[in-house]
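Peer 1: Questions regarding the structure given below will be posed in turn.
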Amino acid sequence: MSALNSLARSRAGTAELSSHVHARSKDYVLYKGDSLALLDQFEDQTFDLIFADPPYFLSNGGFTCQGGKRAPVKKGEWDQSNGVESDHAFTTAWLKACQRLLKPSGTIWVSGTQHVIFSVGFAMQQLGYKLLNTVTWYKPNASPHLACRYFTHSTEILVWASPIGGKGKLQHKFNYADMKVANGGKQMRDAWALPKPGEEELSDEGDGKLWTMTTPKPSEKSHGKHPTQKPIALLERLVDACTDEDALVLDPFCGSGTTGVAAVGKGRRFVGIDMNPEYLDLTKRRMDAVR
């Protein structure tokens with residue numbers, strides 16, 4: 001039985017994961033259900049890489065700009081805040097579950113804006129993760145700020161961490177040489193702005209290249225849309241940086257499946273979890289297309 005198929009077997013004393021399978025192939029398994037409940041059923045130290053794009057807790061009656069027009073922020077009930085303490089408890093709970101599932105050589109990436117990322121970082125410190133980097137990527141096509149009382153929100157932060165803290169030797173996988181080559185022979189920085197569509201050359205910024213990344217291109221939404229979809233280029237970089245071929249990648253908040261598209265496209269295997277069957281169907285369409 002392959003390593004991917006064996007994931008359908010739950011830990012002793014837990015319900016069968018197989019009853020939650022929404023779709024599967026030789027490269028991926030998609031599970032439908034609550035992440036906290038399902039994460040508890042996987043065996044310890046299963047995954048090489050976890051990417052999480054958790055709720056940012058923004059759908060609380062605010063407004064944003066879509067297509068140049070004022071629009072309410074309504075991503076779904078899953079994005080509604082239940083108060084600072086409750087939101088932080090939720091963040092801590094799923095991070096604790098992910099910590100158990102990572103191999104000693106594995107790492108986790110969590111994306112977020114100022115609304116959630118500080119809670120993520122604090123929870124990691126409380127749980128004993130080793131914080132490796134905080135990476136900033138710039139979105140040149142970010143929506144304008146309608147109230148005109150703040151700077152325009154045009155960046156997101158990604159926290160990169162090892163499940164093993166303390167003063168021991170770090171065991172995490174990092175393809176440093178590959179990242180240096182991708183950055184023109186210079187050490188890759190923690191501020192990224194991946195290339196705009198159609199741009200082949202990147203300009204030098206000091207001692208290294210600063211890469212610019214736009215939000216997902218229309219072609220990345222040809223199979224459907226998700227309100228918090230991430231660009232494929234971002235996930236491809238994380239997969240390249242932290243895994244080898246045939247590694248097992250998990251996304252506990254699968255959404256539109258961009259993590260899976262990047263992982264399978266790079267020769268890795270993928271496990272995704274989401275509560276919404278429509279988003280899981282979207283993920284399946286995208287992954288079957290890339291396969």
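Peer 1: Say we look at region 137-186 and pick out the residues that are of a type in the set (Val, Ile, Thr) and surrounded by 14 or more Cβ atoms within 10 Å (Cβ to Cβ); which of these is farthest from Ala97 (Cα to Cα)?
Peer 2: Applying the first criterion (of a type in the set (Val, Ile, Thr)) to region 137-186 yields 152, 155, 157, 159, 164, 181.
The next check asks that each one be surrounded by 14 or more Cβ atoms within 10 Å (Cβ to Cβ); those that pass are 155, 157, 159, 164.
Working: Thr155: 28, Ile157: 22, Val159: 17, Ile164: 14 Å.
It comes out as Thr155.
Peer 1: Okay, moving on. Would you confirm whether any residue within region 205-219 is surrounded by 13 or more Cβ atoms within 10 Å (Cβ to Cβ) and at pLDDT 70 or above? First the steps, then the outcome.
Peer 2: Step one: of region 205-219, the residues surrounded by 13 or more Cβ atoms within 10 Å (Cβ to Cβ) are 208-217.
If we keep only those that are at pLDDT 70 or above too, we end up with none.
No; the residues of region 205-219 include none that is surrounded by 13 or more Cβ atoms within 10 Å (Cβ to Cβ) and at pLDDT 70 or above.
Peer 1: Moving on to the next point. Just wondering, is there one or more residues in region 105-113 that are surrounded by 14 or more Cβ atoms within 10 Å (Cβ to Cβ), touching a residue at least 60 places away in the same chain (Cβ under 8 Å) and over 16 Å from the mean Cα position of the chain (by Cα)?
Peer 2: yes
Peer 1: Shifting gears a bit: Is it the case that Leu131 is part of a loop (DSSP other than H, G, I, E, B), at pLDDT 70 or above, aliphatic (A, V, I, L, M) and surrounded by fewer than 18 Cβ atoms within 10 Å (Cβ to Cβ)?
Peer 2: Numbers: part of a loop (DSSP other than H, G, I, E, B): no; at pLDDT 70 or above: yes; aliphatic (A, V, I, L, M): yes; surrounded by fewer than 18 Cβ atoms within 10 Å (Cβ to Cβ): yes.
When the stated conditions are applied, Leu131 does not pass them.
Peer 1: Scan (1) at pLDDT below 90; (2) within 18 Å of Asp281 (Cβ to Cβ) for the single condition Arg24 breaks and write down its number.
Peer 2: For Arg24, the failing item is (1).
Peer 1: Let me ask another. Out of region 252-290, which residues are surrounded by fewer than 24 Cβ atoms within 10 Å (Cβ to Cβ), charged (D, E, K, R) and within 21 Å of Tyr56 (Cα to Cα)?
Peer 2: Residue satisfying the conditions is Glu278 alone.
Peer 1: Pairs only if they're at least six apart or on different chains, beta carbon under 8 angstrom, first in region 165-184 and on the phi > 0 side of the Ramachandran plot, second surrounded by fewer than 15 Cβ atoms within 10 Å (Cβ to Cβ) and of a type outside the set (D, E, K, R); list them, first residue then second.
Peer 2: Here the result reads Gly166/Gly128, each pair linking region 165-184 to a residue that is surrounded by fewer than 15 Cβ atoms within 10 Å (Cβ to Cβ) and of a type outside the set (D, E, K, R).
Peer 1: Now a separate question. Of the residues that make up region 151-159, is at least one in a strand (DSSP E or B), among the hydroxyl-bearing types (Ser, Thr, Tyr) and in contact (Cβ under 8 Å) with a residue 12 or more places away in the chain? Reasoning before the result, please.
Peer 2: Here is the first cut: in region 151-159, the residues in a strand (DSSP E or B) are 155-159.
Cutting the leftovers down to among the hydroxyl-bearing types (Ser, Thr, Tyr) gives us 155.
Next cut, in contact (Cβ under 8 Å) with a residue 12 or more places away in the chain only: 155.
Looking for residues that are in a strand (DSSP E or B), among the hydroxyl-bearing types (Ser, Thr, Tyr) and in contact (Cβ under 8 Å) with a residue 12 or more places away in the chain, one finds at least one in region 151-159, hence yes.
Peer 1: If you take the residues of region 112-128 that are in contact with a helix residue (DSSP H, G or I) (Cβ under 8 Å, 6 or more places away or on another chain) and not in a loop (DSSP other than H, G, I, E, B), which of them is farthest from Gly165 (Cα to Cα)?
Peer 2: Applying the filter and picking the extreme gives Gly112.
Peer 1: Additional query: Quick check: is even one residue across region 48-68 modelled with pLDDT of 70 or more, touching a Pro at 6+ places or on another chain (Cβ under 6 Å) and of a type outside the set (Lys, Arg)? Spell out how you get there, then give the answer.
Peer 2: Taking region 48-68 as the starting set, the residues that turn out to be modelled with pLDDT of 70 or more are 48-56.
Cutting the leftovers down to touching a Pro at 6+ places or on another chain (Cβ under 6 Å) gives us 52.
Retained after the next criterion (residues that are of a type outside the set (Lys, Arg)): 52.
Within region 48-68 (the criterion being modelled with pLDDT of 70 or more, touching a Pro at 6+ places or on another chain (Cβ under 6 Å) and of a type outside the set (Lys, Arg)), the answer is yes, since at least one residue qualifies.
Peer 1: For region 180-191, what are the residues that are farther than 16 Å from Thr136 by Cα and either outside any loop (DSSP other than H, G, I, E, B) or of a type in the set (Phe, Trp, Tyr) (or both)?
Peer 2: Within region 180-191, Lys180, Val181, Ala182 meet the criteria.
Peer 1: Residue by residue through region 82-104, note down the ones that are charged (D, E, K, R), assigned to a helix (DSSP H, G or I) and in contact (Cβ under 8 Å) with a residue 24 or more places away in the chain.
Peer 2: Asp87, Lys96, Arg100 - these are the residues of region 82-104 that are charged (D, E, K, R), assigned to a helix (DSSP H, G or I) and in contact (Cβ under 8 Å) with a residue 24 or more places away in the chain.
The values are calculated or read from the model by the stated rules, or taken from the named source; none is laboratory data. Remember, predicted model here, so these are calculated numbers, not experimental data. Positions of Cβ are generated from backbone atoms using ideal geometry, with glycine treated the same way; all protein chains shown enter the neighbour counts.
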